[in-house]
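What follows is calculated from the coordinates using simple rules that are stated; it is not laboratory data. Please read these numbers as outputs of a predicted model, since none were measured by experiment. Cβ placement follows ideal geometry from the backbone for every residue including glycine, while neighbour counts extend to all protein chains displayed.
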Number of protein chains: 2
Amino acid sequence: MLNTIDGYIIDLDGTVYKGKQLIDGAAEAVAFLKSRGKRIVFLSNRGNISRRMCCEKLTALGLDVAEEEIVLTSTVTARYLQRHMPGCRTWVLGEQGLKDELAAYGVKEAARPELADWLVITLHETLTYKELNDAFRAVRGGAKIIATNADKTFPGDDGDAIDVAGMIGAIVHSTDVQVEVTVGKPSSLMAEAALDVLGLPPERCMVIGDSLASDIELGQRAGMMTALVLTGSATREMAVAAAKQPDLVWNSLADVSTEMEKMV
Amino acid sequence: MLNTIDGYIIDLDGTVYKGKQLIDGAAEAVAFLKSRGKRIVFLSNRGNISRRMCCEKLTALGLDVAEEEIVLTSTVTARYLQRHMPGCRTWVLGEQGLKDELAAYGVKEAARPELADWLVITLHETLTYKELNDAFRAVRGGAKIIATNADKTFPGDDGDAIDVAGMIGAIVHSTDVQVEVTVGKPSSLMAEAALDVLGLPPERCMVIGDSLASDIELGQRAGMMTALVLTGSATREMAVAAAKQPDLVWNSLADVSTEMEKMV
């Protein structure tokens with residue numbers, strides 16, 4: 001099956017690394033794919049960092065990767081606003097990484113919350129009440145809501161931690177305004193952005209990730225092959241029990257090279 | 001009508017003061033009622049302060065008031081947990097005032113979020129991500145949720161600000177656990193606590209407040225006379241349009257003395 005695949009869409013958290021720790025064999029697997037001339041894009045639901053920050057992290061972990069091979073929800077949110085809402089003014093409930101991606105796509109910030117056309121929400125690990133209140137005021141002032149993703153929880157260094165859903169819930173619940181656009185996997189926005197980077201049709205691409213609900217679902221919706229890795233949130237039992245099972249279940253990303261070597 | 005009334009349940013924000021400002025004639029009206037031997041209880045949905053803090057504020061504004069004449073949602077939440085959940089361990093997403101009220105009723109704090117039986121949520125104007133995450137972990141660890149109130153917004157010094165509903169939304173949306181108990185007006189918990197302080201049956205009591213949804217509704221549910229004042233969130237038009245109209249509509253709390261003087 002793998003000999004029809006020229007492009008790999010690889011999830012990051014739970015697939016390449018866990019928190020600050022590289023997953024065994026991940027760097028070698030990426031190097032192996034590149035040595036075989038395969039195209040790669042790393043696709044993550046992280047919206048609070050920029051591609052540059054992400055690239056620095058991956059490089060520090062020993063991966064050979066360029067910024068152009070990384071697509072984050074911060075990236076795709078910026079791209080979406082640039083393309084579909086030209087000239088819009090944004091207010092960010094989130095971190096610098098998202099602001100950097102918006103700036104990279106030329107998306108402007110509003111001078112005050114009340115002047116924003118869009119409130120952009122992402123994970124904000126240094127959130128304060130003041131920032132929450134500014135976001136609230138943006139929406140009360142008429143801003144629509146776009147969220148980089150809607151994850152409820154992420155694996156923090158000391159256990160599961162509250163994710164973007166918390167920030168979204170605070171604003172939605174206090175304003176009664178619903179989220180207009182959620183960018184994160186498994187959305188077609190993310191699939192399209194990844195395929196654009198690869199420059200390949202979906203049937204020649206494979207998604208590798210640890211989440212049935214985001215990675216595998218994204219691949220299946222877009223007509224791509226899918227491989228679930230068991231280094232993150234999912235177990236083999238979950239894969240078997242899934243309504244739509246992944247094409248492959250691997251112990252880890254390292255299996256991609258083992259499987260390709262078998263083929264030869 | 002007023003000559004059958006011996007106890008007055010008086011709302012604070014929008015009725016006695018607005019932000020840091022006393023409402024014209026409010027102190028005199030309270031003094032007048034006391035001079036006529038009327039019993040008074042101040043009943044507020046504020047859950048982030050203690051009776052002591054509130055009493056200090058009212059005294060500084062020139063009102064003659066004792067701590068025992070104040071009932072806040074922090075007070076009633078503490079009372080509820082003491083009576084109905086004896087021995088329970090709590091985790092607070094909120095401010096010191098609520099912690100003080102819980103301590104006053106002997107309600108214990110859990111040593112860690114994961115050990116809490118109840119998460120108690122109130123307005124938290126110095127909220128941080130860390131505190132939001134601790135609250136999230138309390139609920140993920142099995143704590144039920146009790147909220148002092150569910151107000152979406154309060155009048156801040158520089159405009160409407162995000163209220164408890166924001167804090168509630170963050171936790172509910174990220175954990176999928178619903179709020180078990182909401183204490184604030186118009187709940188019967190608040191009416192009972194106020195009547196206990198007055199030591200009078202509802203038919204001898206009147207509620208005076210600026211909110212149709214919380215003050216007037218509470219009075220009507222409990223079988224008390226109600227007077228809406230127009231110094232806060234409601235207008236005369238809103239009173240006229242209400243499905244269940246208040247018995248009286250006054251320009252301000254000062255009207256209570258004018259009306260009583262007419263009777264004599």
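Given +1 on the Cβ of Lys and Arg, -1 on the Cβ of Asp and Glu, and no further charges, what dipole in debye does the protein assembly as shown carry about its Cα centre, rounded to the nearest 20?
With Lys and Arg at +1 and Asp and Glu at -1, about 220 debye.
Of the DSSP beta bridges with both residues in the range A:74-182, give the percent that are antiparallel, rounding to the nearest 5.
Antiparallel bridges: around 25 percent, rounded to the nearest 5.
Regarding the protein assembly as shown, what's the average projected area of the Cα-atom convex hull, expressed in nm²?
27.2
Name the aspartates and glutamates eligible as straight-distance cross-link partners of A:LYS57: C-alpha to C-alpha under 17 Å, and not fewer than 8 places from it in the same chain.
A:ASP11, A:ASP13, A:ASP24, A:GLU28, A:GLU67, A:GLU68, A:GLU69, A:GLU95, A:ASP100, A:GLU101, A:ASP157
Check cross-link reach from B:LYS244 to the lysines: straight Cα distance under 18 Å, and skip same-chain residues fewer than eight apart.
Straight-line reach from B:LYS244, under 18 Å: B:LYS185.
If you line up the Cα atoms of the range B:81-226 on their principal axes, what length do they span on each, largest first, in Å?
Result for the range B:81-226: principal-axis Cα extents of 46, 39, 26 Å.
Which of A:GLU217, A:GLU237 comes first, and how do the rest follow, when ranked by fewest Cβ neighbours within 10 Å?
A:GLU237, A:GLU217
Checking the table B:LYS38/B:LYS99; A:LYS20/A:LYS152; B:LYS34/B:LYS99 against a 28 Å threshold on Cα-Cα, which pairs fail?
The answer is B:LYS38/B:LYS99; B:LYS34/B:LYS99.
From the label point of A:ARG112, set 7 Å from Cα along Cα→Cβ, how far away are the matching label points in the other copies, in nm, ordered shortest to longest?
Label-point separations across copies, in nm and ascending: 4.6.
When DSSP assigns beta bridges and you keep just the ones with both residues in the range A:1-145, what percent turn out antiparallel, to the nearest 5?
Antiparallel bridges: around 10 percent, rounded to the nearest 5.
Measuring from a point 7 Å out along Cα→Cβ, what nm distances, shortest first, does A:GLY37 have to its partners in the other copies?
The projected label point of A:GLY37 is separated from its counterparts by 10.3 nm.
Where the label is 7 Å out from Cα toward Cβ, how close does B:THR258 come to the same position in every other copy, in nm, shortest first?
Here the equivalent label points are 8.5 nm apart from this one.
Report for chain B the percent antiparallel among DSSP-assigned beta bridges with both residues inside it, nearest 5.
Roughly 15 percent of the DSSP beta bridges within chain B come out antiparallel.
When the helix-only estimate is applied to chain B (DSSP H runs of n ≥ 4, each -39,500 (n - 2.57), divided by the residue count), what is the mean residue ellipticity at 222 nm, nearest 500 deg cm²/dmol?
Value at 222 nm, helices only: -10500 deg cm²/dmol.
Once you wrap a convex hull around the alpha carbon atoms of chain A, what is its projected area averaged over all directions, in nm²?
13.7
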